[in-house]
């Protein structure tokens, strides 16, 4: 009998230590579904910018892309429309929400996987700061260095 009680105690401890925080769980639920990336813009610097995002495609290719997040298994995809500038198609991802302490914003992190959910980039991934997340709007930001100065890339989404 004592062994069973100890076993349940260990299982309970493991389950609570591996669980996602309440804030991260709420953000995962809000993220779940399909989003349209309406606009990619730049702030904290002047000038015209063009960049390759996520080591994948030009920023212009991402505008109008569909992003799908499935919260029950942390997988999803984004789809870029094909054009003369853009190699269209689905890009599969595994994602999560990183809930940081109160002095920092939460982050969306993702890495690329294949259609069978296997990692394809050796663990390389991306983190975007969650600036705004409501049931209908999401704004993500990433800080980057350009010629030694910080430029923030702003990704503005609406829920489909």
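The values are calculated or read from the model by the stated rules, or taken from the named source; none is laboratory data. What you see is a predicted model, and the numbers here were worked out from it, not measured in a lab. Every residue, glycine among them, receives a Cβ derived from its backbone with ideal geometry; neighbour counts consider all protein chains shown.
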remark   = Over region 142-160, the set of residues touching a strand residue (DSSP E or B) at 6+ places or on another chain (Cβ under 7 Å) and under 15 Å from residue 50 (Cα atoms) is 142, 143, 144, 150, 151, 152, 153, 154, 155
ask   = Would a scan of region 16-24 turn up a residue that is surrounded by 13 or more Cβ atoms within 10 Å (Cβ to Cβ), modelled with pLDDT under 95 and in contact with a strand residue (DSSP E or B) (Cβ under 7 Å, 6 or more places away or on another chain)?
value = yes
key: When residues of region 100-111 are limited to those that are part of a loop (DSSP other than H, G, I, E, B) and in contact with a strand residue (DSSP E or B) (Cβ under 6 Å, 6 or more places away or on another chain), the one modelled with the highest pLDDT   = 106
query = Has region 90-99 got at least one residue that is assigned to a loop (DSSP other than H, G, I, E, B) and surrounded by 17 or more Cβ atoms within 10 Å (Cβ to Cβ)?
reply = yes
request  = Within region 56-66, count every residue that is in contact (Cβ under 8 Å) with a residue 40 or more places away in the chain and not in a helix (DSSP H, G or I).
outcome  = 1
inquiry  = Restricting to region 45-75, and then to whatever is in contact with a helix residue (DSSP H, G or I) (Cβ under 9 Å, 6 or more places away or on another chain), surrounded by 14 or more Cβ atoms within 10 Å (Cβ to Cβ) and farther than 18 Å from residue 139 by Cβ, can you tell me which residue is modelled with the lowest pLDDT?
reply    = 71
task = Return a yes/no flag: does region 34-47 have any residue that is free of Cβ contacts under 8 Å to residues at least 12 places away in the same chain and more than 27 Å from residue 122 (Cβ to Cβ).
result = yes
note = Apart from one, (1) crowded, with 16+ Cβ neighbours inside 10 Å; (2) part of a helix (DSSP H, G or I); (3) modelled with pLDDT under 95 all hold for residue 42; the odd one out is (2)
request  = Determine which member of the set 121, 114 is under 15 Å from residue 55 (Cβ atoms) and either exposed (fewer than 14 other Cβ atoms within 10 Å of the Cβ) or at pLDDT below 95 (or both).
outcome  = 121
task = Return the residue satisfying two criteria in turn: it lies in region 124-160 and is modelled with pLDDT under 95 and farther than 20 Å from residue 59 by Cβ, and of such residues it is nearest to the chain's Cα centre (by Cα).
result = 160
ask   = residue 67 is checked against (1) more than 13 Å from the chain's Cα centre (by Cα); (2) farther than 15 Å from residue 125 by Cα and fails just one. What number does that condition carry?
value = (1)
